[in-house]
């Protein structure tokens, strides 16, 4: 296996993107959605970046000192030599770096992602075939609807309620396995709350109604 698969918590971490074009914008937006403190250094910024006030834009040329507080960095300029310099500077400081035009020399690469709420499916071909990764991602998008995100909201609410009521965490595994086997996502997709409540009553007893656990907007 070429890469070690990992989900990285970047919440409240300082993350740097050098390059304010289309590629840099995608990297910055992904970091922002994951809760990072994002700083973008560029002489020019995309229209989309200009409209997002919570992403810090610094209009200047890159300097090695810009890495001082960075947890990780994306080299996303259209200048190959500059991207190589950023990567070398980051390596010298033991900072993880992804170079947009040289994934083979990067410390990490980004997979194709399907997200449904807290459900995140990441697909990677280790750089061998981005086209295949994209195809698999599209297949997963068809297979996994928003009902899976709603199901995870339900499961999280059940877990919190069980813990609050003092249930033995060791006994939860059997309950959650049974909930998964009941194919509740299919019932959510069909908006069949009566059957969902029937399953919840069977496995958990009274007080675990779907609408109470997952309030509807």
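Evaluate the following for residue 66: is it buried (at least 16 other Cβ atoms within 10 Å of the Cβ) and either closer than 29 Å to residue 121 by Cβ or in contact (Cβ under 8 Å) with a residue 12 or more places away in the chain (or both)? Yes: the conditions hold for residue 66.
Kindly provide the set of residues from region 14-28 that are in a helix (DSSP H, G or I) and within 20 Å of residue 68 (Cα to Cα), ordered by number.
24, 27, 28
For region 193-215, the set of residues classified as touching a helix residue (DSSP H, G or I) at 6+ places or on another chain (Cβ under 6 Å) and without any contact (Cβ under 8 Å) to a residue 12 or more places away in the chain consists of 195 only.
I'm trying to understand the selection: among the residues of region 139-151, which are free of Cβ contacts under 8 Å to residues at least 60 places away in the same chain, under 18 Å from residue 192 (Cβ atoms) and surrounded by 16 or more Cβ atoms within 10 Å (Cβ to Cβ)?
Filtering region 139-151 for residues free of Cβ contacts under 8 Å to residues at least 60 places away in the same chain gives 139-149, 151.
Applying the additional criterion that residues be under 18 Å from residue 192 (Cβ atoms) yields 145-149, 151.
Result: 147, 148, 149, 151.
Let me confirm something: among 166, 170, 156, which residue is surrounded by 12 or more Cβ atoms within 10 Å (Cβ to Cβ) and not assigned by TED's automatic domain parsing to the domain that holds residue 119? Give the steps one after another, and end with the answer.
Numbers: 166 fails: surrounded by 12 or more Cβ atoms within 10 Å (Cβ to Cβ); 170 fails: surrounded by 12 or more Cβ atoms within 10 Å (Cβ to Cβ).
Residue meeting the stated conditions: 156.
Which condition breaks for residue 178 when tested against (1) in contact (Cβ under 8 Å) with a residue 12 or more places away in the chain; (2) surrounded by 14 or more Cβ atoms within 10 Å (Cβ to Cβ)? In the conditions (1) in contact (Cβ under 8 Å) with a residue 12 or more places away in the chain; (2) surrounded by 14 or more Cβ atoms within 10 Å (Cβ to Cβ), residue 178 misses (2) alone.
Scanning region 29-49 for residues that are part of a loop (DSSP other than H, G, I, E, B) and over 15 Å from the mean Cα position of the chain (by Cα) gives 43, 44, 45, 46. Among residues belonging to region 84-104 that are without any contact (Cβ under 8 Å) to a residue 24 or more places away in the chain and out of contact with any helix residue (DSSP H, G or I) (no Cβ under 7 Å at 6 or more places or on another chain), point out the one that is farthest from residue 39 (Cα to Cα). The qualifying residue farthest from residue 39 (Cα to Cα) is 104. Residues in region 71-94 that are in contact with a strand residue (DSSP E or B) (Cβ under 8 Å, 6 or more places away or on another chain) and surrounded by 19 or more Cβ atoms within 10 Å (Cβ to Cβ): 72, 73, 74, 75, 76, 77, 83, 86, 87, 90.
The values are calculated or read from the model by the stated rules, or taken from the named source; none is laboratory data. Everything numeric in this text was worked out from a predicted model, so none of it was measured. Glycine also receives a Cβ, built like all others from the backbone with ideal geometry; neighbour counts cover every protein chain displayed.
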